[in-house]
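**Student:** Can you keep this structure in mind? I'll have questions shortly.
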Amino acid sequence: MDVQDYEYYEARAKDVKLENITSSQHNADILARIRDDDPDFTKLCVTDDFYFNRRSDYRPDEGDDLGWLGYFIGRSKHVQELYIEYFPDNLNIDAFFGGLGHNRSIQTLCISINLGE
């Protein structure tokens with residue numbers, strides 16, 4: 001998968017259909033809440049299916065799940081807590097962190113995995 005930059009997502013965000021860019025309806029629902037800056041959505045956990053039962057759990061599985069998540073988190077004014085417990089090897093981790101770098105609302109960031117080099 002090609003690594004996309006922030007401008008790639010910015011140019012496409014207006015017209016993107018969330019169900020076409022995520023691997024599940026649950027992930028699409030979370031992206032919608034972040035995109036729409038839902039003031040009640042302040043905590044997010046990137047995880048695998050072992051924990052995939054909380055409303056705030058996002059499970060990246062395929063495609064550009066992580067790139068779009070990073071982009072929307074980067075624009076969010078309400079996500080205050082981000083917990084990263086899982087990243088699959090084949091997804092767009094660089095794009096995720098590129099988008100995340102634009103965020104100004106996160107107060108707690110917990111990464112409990114080895115991100116490698």
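The values are calculated or read from the model by the stated rules, or taken from the named source; none is laboratory data. Just so you know, these numbers come straight off a predicted model, no measurement behind them. Virtual Cβ from ideal backbone geometry, glycine too; neighbours counted across all protein chains shown. Accessible surface is based on the protein model in full, side chains and every heavy atom, while ligands, DNA and RNA are left aside. Shrake-Rupley method; radii C 1.70, N 1.55, O 1.52, S 1.80 Å.
**Student:** Please report the carbon-and-sulfur percent of the accessible area for segment 15-66; probe 1.4 Å, protein heavy atoms only, DNA, RNA and ligands left out.
**Tutor:** Of all accessible area on segment 15-66, carbon and sulfur atoms account for 43 percent.
**Student:** Given (1) 10, 21, 17, 14, 12, 8, 8, 6, 3, 1; (2) 15, 53, 31, 2; (3) 11, 16, 12, 10, 9, 8, 7, 7, 6, 6, 4, 3, 1, which label gives P(r) over Cα pairs in 10 Å bins from 0, in percent as computed from the coordinates?
**Tutor:** (2)
**Student:** In Å², what does the accessible area per residue of segment 10-117 work out to with a 1.4 Å probe?
**Tutor:** Solvent-accessible surface per residue comes out at 55 Å².
**Student:** Arrange the residues SER76, SER112, SER23 by how much accessible surface each exposes, largest first, with a 1.4 angstrom probe.
**Tutor:** SER112, SER23, SER76
**Student:** How far apart, in nanometres, would the label points at GLU81 and SER24 be if each is projected 7 angstrom from Cα along the Cα-to-Cβ direction?
**Tutor:** It is 2.0 nm.
**Student:** Tell me which lysines have Cα within less than 17 Å of LYS43's Cα, excluding those fewer than 8 residues away on the same chain?
**Tutor:** Of all the lysines, those that pass the test against LYS43 - Cα under 17 Å, at least 8 places apart if same chain - are LYS77.
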